[in-house]
1. With respect to residue 55, is the statement that it is within 27 Å of residue 138 (Cβ to Cβ) and open to solvent by 60 Å² or more (accessible area, probe 1.4 Å) true?
2. Would you call residue 127 hydroxyl-bearing (Ser, Thr, Tyr) and more than 23 Å from residue 12 (Cα to Cα)?
3. Looking for something open to solvent by less than 60 Å² (accessible area, probe 1.4 Å), at pLDDT below 95 and among the charged types (D, E, K, R) - is there at least one such residue anywhere in segment 29-44?
4. Kindly establish whether residue 70 is loosely packed, with under 11 Cβ neighbours inside 10 Å and either assigned to a helix (DSSP H, G or I) or in contact with an Asp or Glu (Cβ under 8 Å, 6 or more places away or on another chain) (or both).
5. Residue pairs, Cβ under 8 Å, 6 or more apart or interchain, first in segment 58-76 and at positive phi, second open to solvent by less than 60 Å² (accessible area, probe 1.4 Å) and of a type in the set (A, V, I, L, M, F, W, C). List them.
6. Can you tell me which residue is nearest to residue 38 (Cα to Cα) among those in segment 79-121 that are open to solvent by 40 Å² or more (accessible area, probe 1.4 Å) and part of a strand (DSSP E or B)?
Amino acid sequence: MSDEMALLVADVFEAAGALRRLGEHTAQAEGLTQARWQVLSVVSETALTVPQAARRLGVSRQNVQRVANDLVTFGHAAYTANPDHRGSPLLALTPQGQEVLARVTTRASAVHRTLFAALPEEEIGRTRGLLRRLLEELDRREQADGRR
């Protein structure tokens, strides 16, 4: 790996960490953790099983199960019957969960507008394009290695 590639990987990890910290701060303002926000978001369009949500988020089923149970306890989500698999219920947002997700999403949008205001939009687009291509290559590698 060239020095530039190694530095890019280091920068991506550093940016990811900083964005996670910002996300945690943003979520806390609405009484959530970032993990709860992510699970709410992933099941916001369609109810999913915990394993499906975990795959979409790229985390362990056990971690999502713990977070899903917390969301149910707090009234943000509910388990519903899964017609395709009786033993694996679907996790769906409740009206309260939809409200809190809307609030945190609105808050995050305002934070992102401020954060990215100093960055030229065309550079953001080019950077995103490069990252998407990198993710496609990583996905191909995982598939070739049988990890996906």
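The values are calculated or read from the model by the stated rules, or taken from the named source; none is laboratory data. Predicted model, so just to flag it, every value in this text is computed and none were measured. Cβ coordinates were reconstructed from backbone atoms using ideal geometry, including for glycine residues, and neighbour counts include every protein chain displayed. Just the protein is used for accessible areas: all its heavy atoms, side chains included, with ligands, DNA and RNA removed. Shrake-Rupley method; radii C 1.70, N 1.55, O 1.52, S 1.80 Å.
1. Judged against the criteria, residue 55 is a match.
2. Details: hydroxyl-bearing (Ser, Thr, Tyr): yes; more than 23 Å from residue 12 (Cα to Cα): no.
Spelling it out, it is not the case that residue 127 is hydroxyl-bearing (Ser, Thr, Tyr) and more than 23 Å from residue 12 (Cα to Cα).
3. yes
4. On the way: loosely packed, with under 11 Cβ neighbours inside 10 Å: no; either assigned to a helix (DSSP H, G or I) or in contact with an Asp or Glu (Cβ under 8 Å, 6 or more places away or on another chain) (or both): yes.
In short, no.
5. none
6. Taking the candidates together, the pick is 79.
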